[in-house]
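Undergrad: Take a look at the following structure, please.
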Amino acid sequence: MIVTTKELFKLAYGKYAIGAYNINNMEQCLGLFRGNMESQAPFIIQISRGARSYADKRMLEAMITAADRIFPEAIFAVHLDHGDLETALDCVESGFYSSVMIDASHEPLEGNIRITRQVVEAAHARGISVEAELGRLGGVEEHVKVDDKSAFLTDPAEAEIFVRETGCDSLAVAIGTSHGAYKFTGTQSLHLDVLAEIQRRLPGFPLVMHGASSVPQEEVARINAAGGALKGARGVDESEFAKAVPLGITKVNIDTDGRLVWTRVHREFFRDNPEKFDLRDPGKIFMAEYARFIAHKNEKLGSAGKLEEVRRGLGSSGPGVR
Ligand code: G3H
Ligand code: 13P
Ligand code: ZN
């Protein structure tokens, strides 16, 4: 059942984070639903602009609609990840999305406020909620590479003004994470002090952690042992999620870690089975491994086992379910 992101946030805030996972193809879609059913978790499916052009936006919507029928117990929201103005308005217009992200974080504050407000007005008129971004994460995102020097943390005072001026429903904050597999050169650290100050200024307001992949070192080692060359890749320590949740992090975006599962499964499969060529053989392994991976992440986020509680919570609030 597709539900509003807002409703999920209301039920989760301060207690656990909802996992937001990107999909690009059928195997990721099925693995994602299986993993969430195995761990009995509500979740968010994210679609990026890159995914919409890779798989065709209509194909992704059809796949999600089919998965919703295959897994009638599932409770999830559908979200546009890192939208620009045109894509965000297109998704609002389509009526399929629970929420959209408008990412104008590369703009100066005034421009970010203006563009975000435009999306908020269009989205709220249709009951769709809006995630915006303030501050700048490092790493690779779509076709843009933000180097560490151009990345900067969210200013808590600005965040308060930004939310008031734009009317956005949730905010992606830059607290030291970055996109992709190469997040930290030295010891990693989330700026929980900055997060705490943002929460103090925006009590009860859902905050979003992007760039949250943990880049497991054993995964990287297996990929490299099977012919990969991911040198120095590292990510967020999963134990940090539990510290960030009471400080307002309600949605955690994970994409890179899932890509690493895909890469490991396929590299190992073809290394060990050089005579094979049926795409379904590694595809089956990937879906099982991806489901296992999703269930593991949900445990770390605290969303595992919350499905029935969410079903009851949605039932009592009535509207909000689409
Ligand atoms: O933040 C970016 C997400 O990982 C989506 O990546 O734009 O390559 O689909 P993508
Ligand atoms: P990762 O690259 O850490 O998986 O981050 C994904 C993300 O933030 C999607 O918006
Ligand atoms: Zn992101």
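Undergrad: Please find, among ILE223, ILE198, the residue that is closer than 22 Å to ALA17 by Cβ and not in a loop (DSSP other than H, G, I, E, B). Break it down stepwise before answering.
TA: Values: ILE223 fails: closer than 22 Å to ALA17 by Cβ.
Selected residue: ILE198, the only one of ILE223, ILE198 that is closer than 22 Å to ALA17 by Cβ and not in a loop (DSSP other than H, G, I, E, B).
Undergrad: Looking at the range 201-220, which of its residues are assigned to a helix (DSSP H, G or I) and within 16 Å of ligand 2 (Cβ to nearest atom)? Before the answer, list the steps.
TA: Applying the first criterion (assigned to a helix (DSSP H, G or I)) to the range 201-220 yields 201, 217-220.
Of everything in the range 201-220, those that are assigned to a helix (DSSP H, G or I) and within 16 Å of ligand 2 (Cβ to nearest atom) turn out to be GLN217, GLU219, VAL220.
Undergrad: Quick check on ALA244: is it in contact (Cβ under 8 Å) with a residue 40 or more places away in the chain and within 19 Å of the chain's Cα centre (by Cα)?
TA: Working: in contact (Cβ under 8 Å) with a residue 40 or more places away in the chain: yes; within 19 Å of the chain's Cα centre (by Cα): yes.
Answer is yes for this residue.
Undergrad: Hey, can you tell me all the residues within the range 197-210 that are over 16 Å from GLU158 (Cβ atoms) and more than 16 Å from ligand 3 (Cβ to nearest atom)?
TA: Residues satisfying the conditions are PRO203, GLY204.
Undergrad: Could you list all residues from the range 44-76 that are within 16 Å of ligand 3 (Cβ to nearest atom) and either touching a helix residue (DSSP H, G or I) at 6+ places or on another chain (Cβ under 7 Å) or aromatic (Phe, Trp, Tyr) (or both)? Explain how you work it out, then say what you get.
TA: So in the range 44-76, the residues within 16 Å of ligand 3 (Cβ to nearest atom) come out as 44-52.
Scanning the range 44-76 gives ILE44, ILE45, ILE47, ARG49, ALA51, ARG52.
Undergrad: Taking the conditions exactly as written (within 14 Å of ligand 1 (Cβ to nearest atom), among the aliphatic types (A, V, I, L, M) and more than 26 Å from ILE249 (Cα to Cα)), does ALA67 satisfy them or not? Talk me through it step by step, then tell me what you get.
TA: On the way: within 14 Å of ligand 1 (Cβ to nearest atom): no; among the aliphatic types (A, V, I, L, M): yes; more than 26 Å from ILE249 (Cα to Cα): yes.
Spelling it out, it is not the case that ALA67 is within 14 Å of ligand 1 (Cβ to nearest atom), among the aliphatic types (A, V, I, L, M) and more than 26 Å from ILE249 (Cα to Cα).
Undergrad: Considering only residues of the range 237-257 that are within 13 Å of ligand 2 (Cβ to nearest atom) and outside any helix (DSSP H, G or I), which is nearest to GLY204 (Cα to Cα)?
TA: Selected residue: ILE249.
Any read-out appearing in this document is the output of simple, stated calculations on the displayed coordinates, not a laboratory observation. What you are looking at is a predicted structure, and each value in this text was computed from that prediction instead of being measured. No Cβ is skipped: glycine too gets one built from the backbone with ideal geometry, and neighbour counts run over all protein chains shown.
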